[in-house]
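Everything on this sheet refers to the single structure shown next.
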Amino acid sequence: MVDTDIAVARLQLAIEQSESLQRGLRHRQEDLLSLERDVRDVAAGRTTGRAVIDQAEVIRRAVRYHTTDQLEEIHVALTRADMAVAEAVSDRTVEPAEVRALSQLVNAAGEEARRATMDLQDVNQALKRTSQAVPGEPGLAASAQRSIDEAAGRLENARRATFQVVEDLPAITRAIQEMSAADPAGNQPDIPTEPTITEQRRLGIAAELRRTAPANSQRISGFAPER
């Protein structure tokens, strides 16, 4: 029998973090809209550049937290899941086709998490240019707007990737829990066996796994884990 206790515990923590991350990224989009209003005020001479610089730094630090804490927790959980799958292969307690399908789902979620991480790193770099600017420098409003535009695009990409991670983590957790109870006689986890993980996964695998699930401003929003 495959020992999956650690993997399941880490995945359950990752589910909480992914949902908190999803909410946090929505708040960051609202923060960027607020920052954009400040940039317009700077361009019109209604406020100083210091407000824009300070606000950009607060948003940048929030984004960094999402990357170094929340997404890191997700990466660790998916690594543990991959280890559990490898153990199932060595123990020969689960049918190879079932293991392949689960492995593909874990790998696909890992790829989405990596994509979100890279996009948020780009958001951080875009905002850093504004947060390190000098308040009275010429063209501050124009350069800050360019940073916001770049950050907003990358942030939207990160939100899309995170959405898929939020969808996949519960399905992976259920499949691994079932895998730990599987025996050679045939109690196998109910997971799909699609040969590839593509757009079809979004419409097929995740939907099928969800079907089997049990029923059950301040100007700058806070960025501690949300419960």
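The values are calculated or read from the model by the stated rules, or taken from the named source; none is laboratory data. Remember, predicted model here, so these are calculated numbers, not experimental data. All Cβ positions, glycine included, derive from the backbone under ideal geometry; neighbour counts span all protein chains shown. The accessibility values were calculated without ligands, DNA or RNA, using every heavy atom of the protein model including side chains. Shrake-Rupley method; radii C 1.70, N 1.55, O 1.52, S 1.80 Å.
At a Förster radius of 22 Å, what calculated FRET efficiency corresponds to the Cβ-Cβ distance of Gln12 and Ala97, to the nearest 0.05?
0.25
Percent of Cα-Cα pairs per 10 Å bin, from 0 to the last occupied bin, for segment 75-146, please list those.
Computed distribution, short to long bins: 17, 28, 17, 14, 12, 8, 3.
Quick one: Karplus J couplings for segment 69-76, per residue in order, coefficients 6.51, -1.76, 1.60, θ = phi - 60°, nearest Hz, x for Gly and Pro?
Values, residue by residue: 10, 5, 5, 4, 4, 5, 4, 4 Hz.
Roughly speaking, what is the stretch gain from Gln22 to Gln121, that is 0.36 nm per residue apart minus the C-alpha to C-alpha distance, in nm to one decimal?
Contour length minus Cα-Cα distance gives 34.0 nm.
Please work out the ratio of the alpha-carbon Rg of segment 1-182 to 2.2 N^0.38 Å and round it to two decimals.
Against the compact-globule rule of thumb, the ratio is 1.30.
How much length is gained on full extension from Glu111 to Thr68, taking 0.36 nm per residue of separation minus their Cα-Cα distance?
13.8 nm
Please work out the FRET efficiency for the pair Ala86 and Glu30, using the Cβ-Cβ distance as r and a Förster radius of 41 Å; give the result to the nearest 0.05.
For R0 = 41 Å, the calculated efficiency reads 0.50.
Could you state the accessible area per residue of segment 1-182 in Å², with a 1.4 Å probe and every protein chain left in place?
45
How much length would be gained if the chain were fully extended between Arg61 and Asp149, taking 0.36 nm per residue of separation minus their Cα-Cα distance, in nm to one decimal?
Taking 0.36 nm per residue and subtracting the Cα distance, the gain is 29.9 nm.
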